[in-house]
Amino acid sequence: MSAPADPVAAGYRLREMVVRDFFTAEAPRVSRLCHAMAQRFFSGGRLIAFGAGAAVTDAQHVSVEFVHPVIVGKRALPAVALVNDVASTLGLAYRHGADHFARQLEVMGRPDDIALGMLHGPQDAVESVAAGLKQAASSGMLPIWLGTVGGRDDGGAEYRFEVDCEDPFVVQEVHETLYHVLWELVHVFFEHKGLLSNRRPQARTHDSGRSSFLYPFLAQSEADLDGVLAEVNGSVLQKAEDVIAMRRASMDPSGLAETARLISQRVHRGGQVLVFGNGGSATDAQDLVADLVAPAEDMRPVPALSLTNDAAVMTAIGNDVGFENVFARQVIAHGTNADVAIAISTSGGSRNVVAALQEAKRRDMLTVGFGGYGGGRLSTVCDRVHVVQGDYIPRIQEAQATQYHLLRSLIR
């Protein structure tokens, strides 16, 4: 194995240790939080997410996962990413500094809502997240803090989750698994509605519907909260083991090292990196761009552009020439033969992603794909492809985050 590949293998080992330690310790509290969140949703509350630094993209990821469930039978839950309102966020930050999230929550927050504040490392704007959570608590909202061990201030969050790791990439990946698990398992309690509200009579029936095959323990009595929490706790631990196994199966140290070498060559010659994807993969694309453009202090910035960012461009292209062309048209506008196109797709076959890659190849760009389901069509289109052998979207996304984070670490 070549020297650049050695830290990749070490990175996978570190993730396995941190993920297992975190969820072994926190599974009981995660289970209770799922119940508390379900109660809030059941009462008409919303999930309002925000973050500092690269955690901005996690807030966006949270919003799309809860609003647009990918599992058949799951209900859409109201979620908002404060950072998606760029004009309000920047305007309030200019006037109120670190209190900008607090001011947004003061205006739009309601007592039944849930506030989720996130950051990945000490370089992030801790004060802004803490101020937002403090405002949320004072308004009667349920405040949740995702951060690292030794965080200075969590705003008095009712639920505080600390990841014991100094690598912000690893912290982000644990956070991603955590909010995916919250999204997956909050739905369990909707099938036990007697556990959600004192205003609703207890009953021994459930309405598991099309979700029953995923969670067979839904047939339990609704009066048995401890029993349901115990089953959810077991599911949390199993999901953590699932992502560990999927990461291990997709590990390709030498392949990532070679891709990093080819990207570095293009960047040294003046090229830029264009990144794109749909849904949760769109937020992953922006996460990678943030890691390239605004990296940790020990990394040199790399010019990069997320093709998912400009809502006006996306909707104009989608409306006028079709959604299949939303990325390809931007490749035409921005791409040159010195550049790199990176596609992220859980299916490995999204038509607009493939169309953009084909346009990039016509322009002699280096094409790189991160694809689930064994790579899908990306395997036949891209110069370099990194696959995840799996078919469950949350775990695929978590394994892909590891792949592109380690790739970023290699592009030094």
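The values are calculated or read from the model by the stated rules, or taken from the named source; none is laboratory data. Computed from a predicted structure; not experimentally measured. Neighbour counts are summed over all protein chains in view; Cβ atoms, including those assigned to glycine, are modelled from backbone coordinates with ideal geometry.
Residue pairs whose Cβ atoms lie under 9 Å apart, separated by 6 or more positions or on different chains, with the first residue in the range 217-236 and in the same structural domain as Cys34 (by TED's automatic domain parsing) and assigned to a loop (DSSP other than H, G, I, E, B) and the second at pLDDT 90 or above and surrounded by fewer than 16 Cβ atoms within 10 Å (Cβ to Cβ), are Gln220/Gly227; Ser221/Gly227. Write out, first by first residue and then by second, each pair whose Cβ atoms fall under 6 Å of each other, whose residues are 6+ apart or on separate chains, and whose first residue, in the range 377-390, is closer than 17 Å to Thr402 by Cβ while the second is assigned to a strand (DSSP E or B). Sorted first by the residue in the range 377-390, then by its partner, the pairs are Arg384/Val368; Val385/Gly369; His386/Phe370; Val387/Gly371.
The numbered conditions (1) surrounded by 15 or more Cβ atoms within 10 Å (Cβ to Cβ); (2) at pLDDT below 95 are all true for Val174 except (2).
Given the criteria of a type in the set (A, V, I, L, M, F, W, C) and out of contact with any helix residue (DSSP H, G or I) (no Cβ under 6 Å at 6 or more places or on another chain), does Phe22 qualify? When the stated conditions are applied, Phe22 does not pass them. Set side by side, the residues Gly335, Gly280, Gly318 differ, and just one is more than 20 Å from Phe370 (Cα to Cα) and either at pLDDT 95 or above or not assigned by TED's automatic domain parsing to the domain that holds Asp167 (or both), which is Gly318. The set of residues in the range 346-402 that are acidic (Asp, Glu), over 20 Å from the mean Cα position of the chain (by Cα) and assigned to a helix (DSSP H, G or I) contains only Glu359.
The single residue among Val18, Val30 that is in the same structural domain as Asn84 (by TED's automatic domain parsing), within 15 Å of Glu231 (Cα to Cα), at pLDDT 95 or above and among the aliphatic types (A, V, I, L, M) turns out to be Val30. Suppose the filter is closer than 19 Å to Val170 by Cβ, of a type in the set (A, V, I, L, M) and either at pLDDT below 95 or assigned to a loop (DSSP other than H, G, I, E, B) (or both); does Ala296 pass it? Here the answer is yes, as Ala296 does meet what is asked.
Looking only at residues that are over 11 Å from Leu142 (Cβ atoms) and outside any strand (DSSP E or B) in the range 110-122, which one is modelled with the lowest pLDDT?
Taking the range 110-122 first, the residues over 11 Å from Leu142 (Cβ atoms) are 110, 117-122.
Those left that are additionally outside any strand (DSSP E or B): 110, 119-122.
Details: Arg110: 96, Leu119: 93, His120: 92, Gly121: 82, Pro122: 68.
Result: Pro122.
Could you please let me know if Val243 is surrounded by 13 or more Cβ atoms within 10 Å (Cβ to Cβ), more than 21 Å from Met17 (Cα to Cα), of a type in the set (A, V, I, L, M, F, W, C) and modelled with pLDDT of 65 or more? No: the conditions fail for Val243.
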